[in-house]
Amino acid sequence: MARVLVVDGANVVGSRPDGWWRDRAAAASRLHGRLAVADTSYDEIVLVLEGQAKAGVPRGRDGHLRTVHAAKDGDASIVEEARTAQEQGHDVVVITADRVLAQRVEHLGCRTMSPSWLLAHIEG
């Protein structure tokens, strides 16, 4: 069973008031860079980006990190990525502070963790 981490990019970037709103693409790129080199126990990390943030990182795979561009809203893409991984028998953790989204993915059998937990692990 693979361990999959699905990251709500907008939620993680927005969790710190560091000026991310002035350049959402650059903020997404910084998060992608930290995830790409992070030493985690996950076999795959799925970074879901939406809106202007998509301009900062091309969609596709970079080693164990896969970037997904949400077609509409990020939540629907996050749920779909979590559902697909769960149906494949993977252990799935979703990073979000959105309570409604957390309930949706927990209903699928996924666990959730906060953006601060993730940031502590990738910035350590």
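Give me the number: length gained by fully extending Glu106 to Asp91, i.e. 0.36 nm times residue separation minus the C-alpha to C-alpha distance, one decimal in nm.
Stretched out fully, the Glu106 to Asp91 stretch lengthens by 4.2 nm.
Counting Lys +1, Arg +1, Asp -1, Glu -1, what net charge surrounds Arg30 among other residues with beta carbon under 13 Å of its beta carbon?
+1
Using only helices, what value at 222 nm comes out for the chain when you add -39,500 (n - 2.57) per DSSP H run of length 4 or more and divide by the total residues, to the nearest 500 deg cm²/dmol?
Result for the chain: -12000 deg cm²/dmol, rounded to the nearest 500.
When the accessible area of region 1-103 is split by element with a 1.4 Å probe, what percent falls to carbon and sulfur?
47
Percent relative contact order of the chain, based on C-alpha pairs within less than 8 angstrom and at least six residues apart?
32
Might you tell me the accessible area per residue for region 16-65, computed with a 1.4 Å probe and given in Å²?
Averaged over the residues of region 16-65, the accessible area is 58 Å².
Taking K and R as +1 and D and E as -1, what net charge do the other residues with C-beta under 15 Å from the C-beta of Gln86 add up to?
-3
Could you work out how far apart the two model spin labels at Ala71 and Ala36 are, taking each label as a point 7 Å from the Cα in the direction of the beta carbon, and quote it in nm?
Between Ala71 and Ala36, the label points sit 2.7 nm apart.
Whose amide H sits under 5 Å from the amide H of Val7, counting only residues 5 or more places off or on another chain, with H placed in the peptide plane?
Amide H to amide H, under 5 Å and 5 or more residues apart or across chains, Val7 pairs with Val46, Leu47, Val48, Ile95.
Give, as a single signed number, the net charge of other residues whose beta carbon lies under 13 Å from the beta carbon of Val6, with Lys and Arg counted +1 and Asp and Glu -1.
-4
Using a Gaussian network model of the chain whose springs link C-alpha atoms within less than 10 Å, name the residue from Val105, Val37, Val79 with the highest mean-square fluctuation.
Fluctuation is largest for Val37.
Per-residue HN-Hα couplings for region 18-34, Karplus 6.51 cos²θ - 1.76 cosθ + 1.60 at θ = phi - 60°, whole Hz, x for Gly and Pro?
For region 18-34, the Karplus curve yields 10, x, 3, 5, 6, 8, 5, 5, 5, 5, 5, 5, 5, 4, 4, x, 5 Hz.
Anyone know which of Ala71, Ala27, Ala53 comes out most mobile in the 10 Å Cα GNM of the chain?
Among Ala71, Ala27, Ala53, the largest mean-square fluctuation in the Gaussian network model of the chain belongs to Ala71.
The values are calculated or read from the model by the stated rules, or taken from the named source; none is laboratory data. Not measured: the values here are computed from a predicted model. So basically every Cβ, Gly included, is an ideal-geometry build from the backbone, and we count neighbours across all protein chains shown. Heavy atoms of the whole protein, side chains included, go into the accessibility calculation; ligands, DNA and RNA do not. Shrake-Rupley method; radii C 1.70, N 1.55, O 1.52, S 1.80 Å.
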